[in-house]
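**Q** Structure in structure tokens, see below.
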Amino acid sequence: MAVENPSLAEIGAILKKSKRIAVVGLSDKPDRTSYMVSEVMQKAGYDIIPVNPTVDQVLGVKAVASLKDIEGHIDIVNVFRRSEQLFDVAKEFDEIDADVFWAQQGLVNEEASTFLKDKGNTVIMDLCIKVAHALTK
């Protein structure tokens, strides 16, 4: 069974109404994909919240160790972790106030997807948020 994402039109609507993106696994190294993608999204006007216990700050924003350390509502949790780690991130996502679980291109975990969708959450997997933003703006 493959993970099914919302339509491109639905993804565009999600991106248009969203403001805050928590980025799990955001690196402070400018040559890493997570940094490049998050930098583009920050320049496009999104508030980026780095979620990485091993860094102090990224893109001028203080990093937090986990999703539970973020105050207030999160529109999108964008995940840059290996596919086998997505279920653990999904369980933490389930404990916070967030709208969309988004796993970057190349990342898929059916167990995580089913777990979150069964609870009524929007799940996007195996899709680059920067590419989706460019296609839908």
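**Q** Read phi for every residue in the range 34-43 and hand back ³J(HN,Hα) as whole Hz from Karplus 6.51 cos²θ - 1.76 cosθ + 1.60, θ = phi - 60°, with x for Gly and Pro.
**A** For the range 34-43, the Karplus-derived couplings read 4, 5, 4, 5, 5, 5, 4, 5, 5, 5 Hz, x marking Gly and Pro.
**Q** Express the carbon and sulfur contribution to the solvent-accessible surface of the range 74-137 as a percent, rounded to the nearest whole number, probe 1.4 angstrom. Display every interim value, and only then the final one.
**A** Numbers: 1230 of 2920 Å².
Of the solvent-accessible surface of the range 74-137, carbon and sulfur hold 42 percent.
**Q** Taking 0.36 nm per intervening residue step and subtracting the Cα-Cα distance, what contour gain separates Met36 from Glu84 on full extension? Please report the intermediate quantities before stating the final value.
**A** Working: separation 48, 0.36 × 48 = 17.28 nm, distance 2.29 nm.
Net length gain for the segment: 15.0 nm.
**Q** Another question about this same structure. Given 0.36 nm per residue, what is the gain on full extension from Ala134 to Thr54 after removing their alpha carbon distance, in nm? List each step's numbers first, then the result.
**A** Working: separation 80, 0.36 × 80 = 28.80 nm, distance 3.00 nm.
Full-extension gain reported as 25.8 nm.
**Q** Applying the Karplus parametrisation 6.51 cos²θ - 1.76 cosθ + 1.60 with θ = phi - 60° to the phi angles of the range 55-62, what ³J(HN,Hα) value in whole Hz is obtained for each residue in order, glycine and proline being reported as x?
**A** 10, 8, 7, 9, 6, x, 10, 5
**Q** Glu110 to Leu8: extension gain in nm, 0.36 nm per residue of separation minus the Cα-Cα distance? Kindly include the intermediate steps, with their values, before the conclusion.
**A** Numbers: separation 102, 0.36 × 102 = 36.72 nm, distance 2.02 nm.
Result for the pair: 34.7 nm of gain on full extension.
**Q** Just grab the label-to-label distance for Lys19 and Val64, each label 7 Å out from Cα along the Cβ direction, in nm (one decimal).
**A** Here the modelled spin labels are 1.6 nm apart.
**Q** Run lengths n ≥ 4 of DSSP H only: what is the helix-derived mean residue ellipticity at 222 nm for the chain, with -39500 (n - 2.57) per run over all residues, to the nearest 500? Before the final figure, lay out each step's value.
**A** Details: 5 runs with 45 residues, N = 137.
Result for the chain: -9500 deg cm²/dmol, rounded to the nearest 500.
**Q** Further question: Quick one: compute a quarter of the convex hull surface over the Cα atoms of the range 1-135 and quote it in nm².
**A** 7.5
**Q** So what is the accessible area of the range 1-79 per residue, in Å², with the probe set to 1.4 Å? Don't skip to the answer; put the middle values down first.
**A** Details: 4170 Å² over 79 residues.
On a per-residue basis, the range 1-79 sits at 53 Å².
**Q** Local charge sum around Asp97 (other residues, Cβ-Cβ under 14 Å, Lys/Arg +1, Asp/Glu -1)? Each step should come with its number before you reach the end.
**A** Numbers: positive: Lys19, Arg20, Lys68, Lys119; negative: Asp69, Glu71, Asp75, Glu92, Asp94, Glu95, Asp99.
After counting each charged neighbour, the total is -3.
**Q** I've got another one for you. Calculate one ³J(HN,Hα) per residue across the range 8-17 by plugging θ = phi - 60° into the Karplus curve 6.51 cos²θ - 1.76 cosθ + 1.60, and present them in order as whole Hz with x for glycine and proline.
**A** 4, 5, 5, 5, x, 5, 4, 5, 5, 8
**Q** Bins of 5 Å, beginning at zero and ending with the bin holding the largest distance: percent of Cα pairs per bin for the range 90-137, please.
**A** 5, 21, 30, 22, 14, 8, 0
**Q** Also: Please report the antiparallel percentage of DSSP beta bridges with both residues in the range 1-112, rounded to the nearest 5. Don't skip to the end; give the middle numbers.
**A** Working: 2 of 17 bridges.
Once the DSSP bridges in the range 1-112 are tallied, antiparallel ones form about 10 percent.
**Q** Amide H to amide H under 5 Å from Ile49: which residues, 5+ apart in sequence or cross-chain, H placed 1.01 Å off N in plane?
**A** Here the answer is Ile21, Ala22, Val23, since their amide H atoms fall under 5 Å of that of Ile49.
The values are calculated or read from the model by the stated rules, or taken from the named source; none is laboratory data. Note that the structure is a prediction, hence the values are computed from the model and not measured. Heads up, the Cβs are rebuilt from the backbone with ideal geometry, glycines too, and the neighbour counts pull from every protein chain shown. Each accessible area value is taken on the protein alone, full model and side chains, heavy atoms only, with ligands, DNA and RNA left out. Shrake-Rupley method; radii C 1.70, N 1.55, O 1.52, S 1.80 Å.
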